[in-house]
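Here, each number is a calculation from the coordinates, and none is a lab measurement. Computed from a predicted structure; not experimentally measured. Cβ: placed from backbone, ideal geometry, glycine included. Neighbour counts: every protein chain shown.
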Amino acid sequence: MNRALSAGRVVFCAALLGMGVEPFLTGHLPSALVPLKDVALPAILACVVGGLLVAATLAAAAGRWVPAAPLALAAFPALGLVLVHLPRLFGEPQNPVFWSGVFQMAALTAGPLLLLPNRTPGRLLLAGALAGFGLHHFMYPRFIASLIPHWIPFPLFWAWATGCAFVAASLST
């Protein structure tokens, strides 16, 4: 495995490890992984899910390339995508917030799939998510510009430039 892929795997797994530990500290699932703010899950269930996430992350980080580890890591955001974000999107397809949630969960699902020997499904899913992020930058440039800190000059330029970068990245995957 080349150094860039190895370093990327370590950084990605470190982030997922943090998400797996969070339920033990807070008693609920991380909203970045499965944003179920309107559904209260028992703390014990959140800890079970967190434990599974920690175990799968450690297996993937250690290079134990049984397909179960990356697939288990992909399952968590994929469930959030299918059970939460897609139904909301189908219910209100004109809402850009719901599209953004779909793209975010697709990107989080793609990451673990890139750890598999056949990276094609992960690459396609990530390319779609990146293209979606870029499209959002072109559709809502003034909103994106409002998110850029005030000390950075020409925020509208950076909104457009970032959209171009997302699209270019999606074409390169």
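Using a simple charge model, +1 on the beta-carbon of Lys and Arg, -1 on the beta-carbon of Asp and Glu, nothing else, what dipole does the chain show about its Cα centre, in debye to the nearest 20?
Here the chain has a charge dipole of around 380 debye.
Return one quarter of the surface area of the convex hull spanned by the alpha-carbon atoms of region 90-140, equal to its mean projected area, in nm².
Seen from a random direction, the Cα hull of region 90-140 projects 3.5 nm² on average.
How much length, in nm to one decimal, is gained on full extension between Leu147 and Asn118, taken as 0.36 nm per residue of separation minus their Cα-Cα distance?
Values: separation 29, 0.36 × 29 = 10.44 nm, distance 3.65 nm.
Here the answer is 6.8 nm.
Please tell me the relative contact order of the chain in percent, rounded to the nearest whole number, where contacts are Cα pairs under 8 Å and at least six residues apart.
Taking the mean separation of contacting Cα pairs over the length of the chain, I get 16 percent.
For the chain, what does the helix formula give at 222 nm: sum of -39500 (n - 2.57) over DSSP H segments with n ≥ 4, over the residue count, nearest 500 deg cm²/dmol?
Result for the chain: -24000 deg cm²/dmol, rounded to the nearest 500.
When the convex hull of the C-alpha atoms of the chain is computed, what volume per residue in Å³ does it have?
In the chain, the Cα hull volume divided by residue count equals 138 Å³.
Output needed: percent of Cα pairs per 10 Å distance bin for region 125-168, bins running from 0 to the one holding the longest distance.
Pair shares across the bins are 34, 48, 16, 1.
If I model a spin label at Ala55 and Val97 as a point 7 Å from the Cα along the Cα→Cβ vector, what separation in nanometres do I get?
Going from the Ala55 label point to the Val97 one covers 3.6 nm.
Set the Förster radius R0 to 22 Å, insert the Cβ-Cβ distance between Phe138 and Arg88 as r into 1/(1 + (r/R0)^6), and round the FRET efficiency to 0.05.
The computed FRET efficiency comes out at 0.45.
Among 102-113, 43-54, what's the highest-first ranking by average C-beta atoms within 10 angstrom per residue? Please report the intermediate quantities before stating the final value.
Details: 102-113: 22.2, 43-54: 16.9.
Order by mean packing, descending: 102-113, 43-54.
Quick check: convex hull of the Cα atoms in region 93-173, volume per residue, rounded to a whole Å³?
Residue-normalised Cα hull volume stands at 94 Å³.
Can you check what the net charge comes to around Trp99, using other residues whose Cβ is under 14 Å from the Cβ of Trp99 (Lys, Arg +1; Asp, Glu -1)?
Surrounding charge for Trp99 is 0.
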